[in-house]
Amino acid sequence: MAGGRGADKHGPSAPGKKLQRGSTGRRALPSDKDLKSVRKVRQGDAGIIAPELPSMLLPMKYIALGMLAVALVCSWQFVLLNRSADSPSTMHLTSVGSLLEANISALAAQQKGLVSLVVRLSEEMLKEHDEIQSLRARLGPTGQPPADKIAELRDMVSSLKASAPSGPQLRGSAAVLPRPKPGGFPQEWLQKFSQQELEASAKEAEKWRDGVKGAFQHVWRNYRKRAWGLDEIRPVSGAEGRRWGNMGLMILDSLSTMWVMGLKEEFDEAEKWVETSLSFENSGFVSFFETTIRALGGLCSAHALSGRPVFLKRAQELADRMLPAFAPHEPAFPASQVDLGAKPGSESGKQGWFGGAVLAEVGTVQLEFRYVSQMTGNPIYGEKADASMRSIIKAANGKGLIPWGLSRTSPTRFVNSHVTMGAMGDSYYEYLIKTYVQTDHKEVEWKDVWKKAMSEMQQRLVRKTQGGLTYVSDEQNEFLTDDMGHLACFIGGNLIYGSRHIPETERDASWERDAAEITETCFQFYHRSPTHVGPEVERFIPKASSPGDMEIQLAHSLLRPEVIESIFYMLYYTGDPKYRRMCGEIFEGLEKYTRTTYGYGGLYDVRQTGHAHVKDEMETFFLAETLKYLYLCFSENPRETLDLEEFVFNTEAHPIRIFRGKQ
Ligand code: DMJ
């Protein structure tokens, strides 16, 4: 618990106090609590309780010496008793004499035991004393660990971390994720907020964190009972939901959330299902994009988190079934739809509603396919994904911002002029920076394109209303629409994430400023809605002042994650308690207006508070993303639940391990 430190320092159990004189005038023996405190000094964070050590050392010394004195007296008494028991005169004593002899022997035996006990105790005390003294010597005169020692320790920890091999063979246990440690807030947080503020914020979030876990369990219970192995469950009727390829999409998309929430039993059961019942044979044609981010991403992540080989095996099988959908020529895009069960020789890919290629679809493949290559050692998956991305970048011809429609003919060209951070464009930009992170910041080409795109976005798409709302507009035929979709709200988080991952010398301070302002605007999607659930699209009125500067354009909600996602990144890096409160408000809105008998349903109109407005539809991303980001926001220190130096989220919030080199 975060509050533990303060209590140790000043509370009634302070070791210095306990070792004061007892009522008899002699020094009291250390109590259990005192001994625990001594142990704490040895095992815990020495810097925190170090100031109490000096007051403790003196009594410890006296006690130890006292013990030795008692031991000496006892030994002497023992020798005397033994002598009298062995004396020849006692051989001629009567039965009274024999009784006395027996008593003396018993007494001698007791004394013997007592002496060895005292000796053992004294030895223990002296050992403790020596250890405390050496600890004290290492702490130096201030009682605080020297800064260079701390730096040395940090280096040691990070080099150990870096050299720790990742991969299936070494990650077989369920203990890969560091569990939250009590009270350890990041230094960066502590520079802006006091320990007390951060503790109060974490405390406030406890009920929300338990609530979010409960929300997941509520859905899962019903899914297990009524729709186990199906792609979706309907949250109002409890019937089977939409079909996505008959592959238990709900299970695949929920694995990583269960792991992050520590739902081990549920995770184990899902693993068994993946091992014994998952089949891609009867999928028919499925969306290449959705299958990549939800199913393949879910399996890769389950493997990255748990290290259990079955997930990699099934991920590779799925990737193999998807490979034929990649065009063997320029542009090397995957088809929009893929038949996972296609028989050899039959058509496995086909186009969707849009004849060409959708930017977000063909530009959101790298994290998952590269992971399969890295873990299996077969480069083909990553190469296909990279080729698709390179076809886009080639068509961009040096531009950062690009329209979302591309031709599938060579040379690739753009077939519309709709530039957006929302639907159709979003995750292409997201994956540019994340691929750079996934390569442990080694492949700079992706980062350079991302940087270009972000500065062009700031110049062309980012605007501010008179009321002070910073938003990211779509651009069509070179005109701003002043619309911003919920999907585009991911960009706040992506901006701060990217700016924290690129070299400091390349950072633009305005990214972090815009990240905060855009996230604030996106929160207003929810805050200004009567249900506190945000709508799908808002329109901004640049010349209006608040609150007339934002109007709902599309009023429904699919319980999307992007706003919470950005709040999560802002909290992760800044620690500002206001972000937790934002998530708290959103979560309470979701609980109140979208919870149903069998799950959580989207809303037809976020302005209506009646239950008639709840849809009988629940996307699997609600479990994969919305609940996961909420849970992380409510964690005491999210980076101890999920460390972004070790993992990168795919666009479906599945953590994928950052690749640190060849296996
Ligand atoms: C998710 O499936 C992914 O985040 C994707 O990139 C787009 N949006 C949905 C959720 O809104």
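Scanning segment 631-663 for residues that are more than 16 Å from the ligand (Cβ to nearest atom) and part of a strand (DSSP E or B) returns PHE647, ARG657. Of GLN524, GLN459, which residue is more than 16 Å from the ligand (Cβ to nearest atom), part of a helix (DSSP H, G or I), touching a strand residue (DSSP E or B) at 6+ places or on another chain (Cβ under 7 Å) and at pLDDT 95 or above? Among GLN524, GLN459, only GLN524 is more than 16 Å from the ligand (Cβ to nearest atom), part of a helix (DSSP H, G or I), touching a strand residue (DSSP E or B) at 6+ places or on another chain (Cβ under 7 Å) and at pLDDT 95 or above. Among the residues of segment 359-380, just one is more than 16 Å from the ligand (Cβ to nearest atom), farther than 18 Å from PRO309 by Cα and not in a loop (DSSP other than H, G, I, E, B), namely ILE380. Annotation note: Cβ proximity below 7 Å between a residue of segment 464-476 that is β-branched (Val, Ile, Thr) and a residue that is modelled with pLDDT of 95 or more and part of a strand (DSSP E or B) (sequence gap 6+ or interchain) occurs for THR465/PHE540; THR470/VAL462; THR470/LYS464; VAL472/VAL462; VAL472/MET484. Being surrounded by fewer than 16 Cβ atoms within 10 Å (Cβ to Cβ), assigned to a loop (DSSP other than H, G, I, E, B) and at pLDDT 95 or above: is that true of SER529 here? Against the criterion (surrounded by fewer than 16 Cβ atoms within 10 Å (Cβ to Cβ), assigned to a loop (DSSP other than H, G, I, E, B) and at pLDDT 95 or above), SER529 does not qualify. In segment 281-289, is there at least one residue being over 17 Å from ALA385 (Cα atoms), buried (at least 21 other Cβ atoms within 10 Å of the Cβ), among the hydrophobic types (A, V, I, L, M, F, W, C) and within 16 Å of the ligand (Cβ to nearest atom)? Scanning segment 281-289 turns up at least one residue that is over 17 Å from ALA385 (Cα atoms), buried (at least 21 other Cβ atoms within 10 Å of the Cβ), among the hydrophobic types (A, V, I, L, M, F, W, C) and within 16 Å of the ligand (Cβ to nearest atom). All of THR257, THR292, THR276 fail the test of being in contact with a Lys or Arg (Cβ under 8 Å, 6 or more places away or on another chain) and of a type in the set (Val, Ile, Thr), apart from THR257. Selection within segment 615-630: residues that are aromatic (Phe, Trp, Tyr) and over 13 Å from TYR572 (Cβ atoms). The member of this set that is nearest to the ligand (Cβ to nearest atom) is PHE621. For segment 527-583, which residues satisfy the criterion of being at positive phi and within 15 Å of the ligand (Cβ to nearest atom)? Selection gives LEU559 alone. Scanning segment 600-623 for residues that are in contact with a Leu (Cβ under 9 Å, 6 or more places away or on another chain) and in contact (Cβ under 8 Å) with a residue 24 or more places away in the chain yields a total of 12. How many residues does segment 414-443 contain that are touching a strand residue (DSSP E or B) at 6+ places or on another chain (Cβ under 7 Å), within 12 Å of the ligand (Cβ to nearest atom) and assigned to a helix (DSSP H, G or I)? Number of matching residues: 1.
Scanning segment 337-357 for residues that are at pLDDT 95 or above and closer than 18 Å to SER410 by Cβ yields GLY356, ALA357.
Listed conditions (1) touching a Ser or Thr at 6+ places or on another chain (Cβ under 7 Å); (2) assigned to a strand (DSSP E or B) are all met by ARG539, apart from (1). Which of the residues belonging to segment 584-614 are among the small types (Gly, Ala, Ser) and either outside any helix (DSSP H, G or I) or within 16 Å of the ligand (Cβ to nearest atom) (or both)? Within segment 584-614, GLY599, GLY601, GLY602, GLY610 meet the criteria.
Assessment of segment 388-407 against the conditions (within 16 Å of the ligand (Cβ to nearest atom), assigned to a loop (DSSP other than H, G, I, E, B) and on the phi > 0 side of the Ramachandran plot) yields no matching residue.
Being touching an Asp or Glu at 6+ places or on another chain (Cβ under 7 Å) and aliphatic (A, V, I, L, M) narrows it down to one residue among MET582, MET550; which is it? MET550 is the lone residue from the list that is touching an Asp or Glu at 6+ places or on another chain (Cβ under 7 Å) and aliphatic (A, V, I, L, M).
Filtering segment 463-503 to residues that are of a type outside the set (Phe, Trp, Tyr), part of a strand (DSSP E or B) and more than 16 Å from the ligand (Cβ to nearest atom) leaves ARG463, LYS464, THR470, GLU475, GLN476, LEU480, ASP483. A search for C-beta distances below 6 Å between a residue of segment 223-240 that is surrounded by fewer than 20 Cβ atoms within 10 Å (Cβ to Cβ) and any residue that is part of a helix (DSSP H, G or I), counting only pairs 6+ apart in sequence or on different chains, returns GLY238/ARG226.
For segment 321-333, filtering for residues that are more than 14 Å from GLU383 (Cβ to Cβ), of a type outside the set (A, V, I, L, M, F, W, C) and free of Cβ contacts under 8 Å to residues at least 40 places away in the same chain leaves 1. Residue-level check: of (1) surrounded by fewer than 18 Cβ atoms within 10 Å (Cβ to Cβ); (2) in contact with a helix residue (DSSP H, G or I) (Cβ under 9 Å, 6 or more places away or on another chain), ALA304 misses just (1).
The values are calculated or read from the model by the stated rules, or taken from the named source; none is laboratory data. Remember, predicted model here, so these are calculated numbers, not experimental data. With ideal geometry, Cβ positions are generated from the backbone for all residues, glycine too; neighbour counts draw on all protein chains shown.
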